[in-house]
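Enquirer: Sharing a structure, written as structure tokens. Questions coming.
The values are calculated or read from the model by the stated rules, or taken from the named source; none is laboratory data. Since the structure is predicted, the reported quantities are computational estimates derived from the model, not experimental observations. Every residue, glycine as well, gets a Cβ built from its backbone with ideal geometry; the counts of neighbours run over all protein chains shown. In case anyone asks, the SASA skips ligands and DNA or RNA and just uses the protein heavy atoms, side chains included. Shrake-Rupley method; radii C 1.70, N 1.55, O 1.52, S 1.80 Å.
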Amino acid sequence: MDGSSRGALKAGRDQLAQQLGQTDAKQLADDLFFVGRTLDSSAALRRALVDPSRDTDAKRQLGARLFEGKVGDAALQVLGSLVGQRWSAERDMSDALDLLGAEAVTAAAEQAGRLGQVEQELFQVERLVAGTPELRDALTNRQRGGQDKADLVGRLLDGKAAPETVQLARLAAFNPRGQRFDQAIERYQGVAAQRREQLVALVTVAKPLSPDLAERLEQALSRTYSKPVQLNVVIDPDVVGGLRVQVGDEVIDGTVARRLDDARRALAG
């Protein structure tokens, strides 16, 4: 999100935090996802609720009329906060509802004492799909409906993952919001990491890190970024040696493969 939408999302987060303190987080998440899906299905409704020229109270009343009795009061309060903001793009409010719903899911996981488990399981799901061509093809097949893809993921994870992991993975399959499944999963993983107030470092190596090296790398990154960092390790023999670390948009590539590529480019030049 860009410009005013970032500020609008922050206002929604502030309202979400207030509501999480006095309502069931899982129900609030379900309600926010429902509102988001409804907006996704109607361009006219989206425009009516984000139109900056329209009176804020009128937009809030419209939202209340549409969703009262279908979602709880907490979700209506969050929606009321969102429609009172200015948005850079029409679909940004729907994206915000998806993110806020995911934040409510991670809050439910935190209350149940399994937030760390959910974060790690989301990473494992993403790696499983990336490493299974048949599964990856099934989830990127445009001929398959979203519900079909969500059911496939649900069967895959049934009894093997936390309920919050299953819910977010199903959502990533059902409605990836213009992204690939792996990108949607990474978005939700980032939401979980943010709730834990830590960063996630994607570490790509040729073979598994020893526990001692992993601990030292984690400590070094935590000092660099001044906050806890969790390592998610990917094994890729193509890196030959060394390691590649990605934290957000920052990449540290110390692999032998990268150095060989640099040498080849230098010779070619």
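Enquirer: Under a point-charge model restricted to the Cβ atoms of Lys and Arg (+1) and Asp and Glu (-1), what is the dipole moment magnitude of segment 1-112 relative to its Cα centre, in debye to the nearest 20? Present the calculation step by step, with values, prior to reporting the outcome.
Expert: Details: 14 positive and 17 negative charges, 62 e Å.
I would put it at about 300 debye.
Enquirer: If you take every residue apart from Asp51 with its C-beta less than 11 Å away from the C-beta of Asp51, what net charge results, scoring Lys and Arg +1 and Asp and Glu -1?
Expert: Net charge around Asp51: +3.
Enquirer: What ranking of Leu135, Leu213, Leu28 comes out by heavy-atom accessible area, probe 1.4 Å, highest first?
Expert: Heavy-atom accessible area, descending, gives Leu213, Leu135, Leu28.
Enquirer: Given +1 on the Cβ of Lys and Arg, -1 on the Cβ of Asp and Glu, and no further charges, what dipole in debye does the chain carry about its Cα centre, rounded to the nearest 20? Kindly include the intermediate steps, with their values, before the conclusion.
Expert: Values: 37 positive and 39 negative charges, 80 e Å.
Value, rounded to 20: 380 debye.
Enquirer: Next question, about the same structure. At 222 nm, what helix-only mean residue ellipticity would the chain give, in deg cm²/dmol to the nearest 500, using -39500 (n - 2.57) for each DSSP H run of four or more?
Expert: So the calculated ellipticity at 222 nm is -21000 deg cm²/dmol.
Enquirer: Counting only protein heavy atoms, what percent of the accessible surface of the chain is carbon or sulfur at a 1.4 Å probe?
Expert: On the chain, the fraction of accessible area on carbon and sulfur atoms equals 48 percent.
Enquirer: Using packing as a proxy for protection, rank 155-162, 177-184 so that the peptide with the highest average count of other Cβ atoms within 10 Å comes first.
Expert: By packing density, highest mean first, the sequence is 177-184, 155-162.
Enquirer: Seen from all sides and averaged, what is the projected area of the convex hull of the Cα atoms in the chain, in nm²?
Expert: Reported value for the Cα convex hull: 17.7 nm².
Enquirer: A further question follows. Evaluate the relative contact order of segment 112-269 (contact order divided by residue number), counting alpha-carbon pairs under 8 angstrom at least 6 apart; express in whole percent.
Expert: Rounded, it is 20 percent for segment 112-269.
Enquirer: Of the candidates Gly101, Gly113, Gly69, which one comes out as most mobile in a Gaussian network treatment of the chain with C-alpha springs shorter than 10 Å?
Expert: With Cα springs under 10 Å in the chain, the top fluctuation among Gly101, Gly113, Gly69 is at Gly69.
Enquirer: Excluding same-chain pairs closer than 8 in sequence, count the lysine pairs in the chain whose Cα atoms lie under 30 Å apart.
Expert: Number of lysine pairs found: 14.
Enquirer: Once you charge only the Cβ atoms, +1 for Lys and Arg and -1 for Asp and Glu, what is the size of the charge dipole of segment 198-268 about its Cα centre, to the nearest 20 debye?
Expert: The dipole of segment 198-268 has a size of about 140 debye.
Enquirer: Once phi is turned into θ = phi - 60°, what whole-Hz ³J(HN,Hα) does the Karplus curve with 6.51, -1.76 and 1.60 give for every residue of segment 123-138, x standing for Gly and Pro?
Expert: Each residue's phi maps through the Karplus curve to give 4, 5, 4, 4, 5, 4, 5, 4, x, 10, x, 4, 5, 4, 5, 5 Hz.
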